[in-house]
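Undergrad: Encoded as structure tokens, here's the structure I'll be asking about.
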Amino acid sequence: MAMSENASAENGAQADAPKRPPYVPDYGAEELRLTPVELPEAHAAYRIVLPGVIQTGADVVLAMGRKSSLWPLTFGLACCAIEMIGTHMANHDLDRFGIVPWPSPRQSDVMVISGTVTKKMAPAIKLLYEQMPNPKYVISMGACATNGGPYTEYDRVLQGVDKIIPVDVYVAGCPPRPEALIQGYLRLQEKIMEDKKMVG
Ligand code: SF4
């Protein structure tokens, strides 16, 4: 009983206390810069319901998702494959670009042709390419994959993988260093954004 009397006396004292004026910060000379700008009245309904929404095309969103989740098929052909494997190791951290090596063509969307393409191997490369879902991309890594490299006189070597599958990016070198292949991946990402209206 005594406690409830004390509590009601405290509440009464709070109610009788003079109200403080609202706090107004004193910015001094910075007042103009720190005062929030009055925005004009919004007209579009989404700006009223969801202020701060970014409006963009669906093709841009799809292309950004595509370029930020490239899954290269893990298969190699010759010495360039060692550099490709090194590129996919932890010290180059390709995950930061959304590039994740994948051991099946069924879910991969990038094929890196890393090495000499012999005519005996060509049908297997074409089959793997056809097993990949659309949209899919090809990087020709190194001189051998691009035009036969040092084996231009060899009848058993295909003089460029673009004879059997379409190539999106060529990476020069014999072999190209990992930095060159990373540059190839980045160029492919730019190409995906440039071609965004052409891919459904
Ligand atoms: S381009 Fe050079 S390093 Fe690459 S597979 Fe051909 S010979 Fe080997």
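The values are calculated or read from the model by the stated rules, or taken from the named source; none is laboratory data. Keep in mind that what you see is a predicted model, and the values were worked out from it rather than measured. Glycine also receives a Cβ, built like all others from the backbone with ideal geometry; neighbour counts cover every protein chain displayed. When the accessible area is computed, the model is the full protein with side chains, heavy atoms only, and any ligands, DNA or RNA have been set aside. Shrake-Rupley method; radii C 1.70, N 1.55, O 1.52, S 1.80 Å.
Undergrad: Consider Thr87 against the criteria (1) open to solvent by less than 50 Å² (accessible area, probe 1.4 Å); (2) more than 14 Å from Tyr185 (Cα to Cα); (3) of a type in the set (Ser, Thr, Tyr): it satisfies all of them except one. Which criterion is unmet?
TA: Result: Thr87 fails condition (2) only.
Undergrad: Let me ask something additional. Among the residues of the range 76-112, what is the count of those that are more than 16 Å from Gly65 (Cα to Cα) and basic (Lys, Arg)?
TA: Here the count works out to 1.
Undergrad: In this structure, is Gly52 more than 16 Å from the ligand (Cβ to nearest atom), surrounded by fewer than 17 Cβ atoms within 10 Å (Cβ to Cβ) and either on the phi > 0 side of the Ramachandran plot or modelled with pLDDT of 95 or more (or both)? Quick ask: steps written out before the conclusion?
TA: Working: more than 16 Å from the ligand (Cβ to nearest atom): yes; surrounded by fewer than 17 Cβ atoms within 10 Å (Cβ to Cβ): yes; either on the phi > 0 side of the Ramachandran plot or modelled with pLDDT of 95 or more (or both): yes.
Considered against the rule, which asks whether it is more than 16 Å from the ligand (Cβ to nearest atom), surrounded by fewer than 17 Cβ atoms within 10 Å (Cβ to Cβ) and either on the phi > 0 side of the Ramachandran plot or modelled with pLDDT of 95 or more (or both), Gly52 comes out as yes.
Undergrad: For residues in the range 63-84 being within 16 Å of the ligand (Cβ to nearest atom) and under 23 Å from Glu190 (Cα atoms), which is most open to solvent (accessible area, probe 1.4 Å)? Show your work before the answer.
TA: Of all residues in the range 63-84, those within 16 Å of the ligand (Cβ to nearest atom) come to 75-84.
Keeping just the survivors that are under 23 Å from Glu190 (Cα atoms) gives 83-84.
Numbers: Glu83: 52, Met84: 8 Å².
By that ranking, first place goes to Glu83.
Undergrad: So, one more: Kindly indicate whether any position in the range 149-166 is free of Cβ contacts under 8 Å to residues at least 60 places away in the same chain, within 18 Å of Glu83 (Cα to Cα) and within 12 Å of the ligand (Cβ to nearest atom). Break it down stepwise before answering.
TA: In the first step, residues of the range 149-166 are kept if they are free of Cβ contacts under 8 Å to residues at least 60 places away in the same chain; the result is 149-166.
Going one step further and asking which of them are within 18 Å of Glu83 (Cα to Cα), we end up with 149-150.
From what's left, within 12 Å of the ligand (Cβ to nearest atom): 149-150.
Among the residues of the range 149-166, at least one is free of Cβ contacts under 8 Å to residues at least 60 places away in the same chain, within 18 Å of Glu83 (Cα to Cα) and within 12 Å of the ligand (Cβ to nearest atom), which makes the answer yes.
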